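What follows is a short report on a single structure.
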Amino acid sequence: MDMNRITALLTQFQRGEISLEEAVGSLEKWPFEDLEYAKIDHHRKERQGFAEVVFAQGKTPVQVAGIIERLVAANTNVLATRANEEHFLAVKKVVPDAKYYDTANLIIVKREETVLDEKRYILVMTAGTSDIPVAEEAALTAEIMGNCVKRVFDVGVAGIHRLLAQRKVIEEANVLIVVAGMEGALASVVGGMVDKPVIAVPTSVGYGASFGGVAALLSMLNSCAAGVAVVNIDNGFGAGRMASIINKMR
């Protein structure tokens, strides 16, 4: 549990600002709060450094709004992925400062700014413009988790000169996220250029034989470049989260 929150709660009780019942009621919500349709993990930030992230897909707008309303009561920054506009409109009613990023399908509540280390940045790259939605999910995830993020889009292997023109920003990145559909070759090329971890994200972009991203996934899993790890198809969030963990390690 967060010792600062517990200390503040007990101090409020000691001063008579809250009753014993109110103090006990607050403690009962730790480490999780039961909303029947969801059990909110309020201990997630203490264990992993960031509040529980809401996966909005498959949830109703009312459910997403209810979860985020409770999360922001205990956390300064909150993130929901795979959200649509209906989810956002419901959230906006209960959390007016929430913002919707339609390209990435993310809802973000940001109430605390982080001092960024600009020398240790995450670089998010795409093979094509069609890969940008997944890349933005990764980039915005890494940003809300307190990282400096740079972007280089549309530098796929069909025009390798576009990639080589970005050599400086590529080589100076601390962690790289490479997002590609079709045959997914960009991850191997970038992996062969750098001595930093490369997180490859296959996307479902491509024609029939791409099999909804399976071709890119298998290509990335079979990369001959050392230092390339792979997340699930279209999983920009997973890549952004992993990159954030790596970037903050000392």
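Bear in mind that the values in this text are calculations on the coordinates, not laboratory data. These numbers come from a predicted model, not from an experiment. Glycine also receives a Cβ, built like all others from the backbone with ideal geometry; neighbour counts cover every protein chain displayed.
The Cα atoms of the range 33-110 define a convex hull whose projected area, averaged across directions, is 4.6 nm².
The helix-only estimate of mean residue ellipticity at 222 nm for the chain, built from DSSP H runs of length n ≥ 4 each weighted as -39500 (n - 2.57), is -11500 deg cm²/dmol after division by the residue total. Among 148, 224, sorting on how many other beta-carbon atoms sit within 10 Å of each Cβ, with the fewest leading, yields 224, 148.
In the chain, Cα pairs under 8 Å separated by at least six residues give a relative contact order of 13 percent.
Taking a straight line from the alpha carbon of residue 99, these aspartates and glutamates sit under 19 Å away, with near neighbours fewer than eight places off in the same chain left out: 52, 69, 85, 86, 112, 113, 136, 137, 143. Normalised by residue count, the chain yields a Cα convex hull volume of 137 Å³ per residue. To the nearest ten degrees, helix 85-94 and the longest principal axis of the Cα atoms of the chain are 30 degrees apart. For the chain, the longest principal axis of the alpha carbon atoms and the long axis of helix 132-144 meet at an angle near 40°. By other beta-carbon atoms within 10 Å, ranking 5, 111, 82 with the fewest at the front produces 111, 5, 82.
Kindly express, to the nearest 10 degrees and within the range 0 to 90, the angle between helix 61-74's C-alpha long axis and the longest C-alpha principal axis of the chain. In the chain, helix 61-74 runs at an angle near 70 degrees to the longest axis. The mean sequence separation of alpha-carbon pairs under 8 Å and at least six residues apart, normalised by the residue count of the range 1-129, gives a relative contact order of 16 percent.
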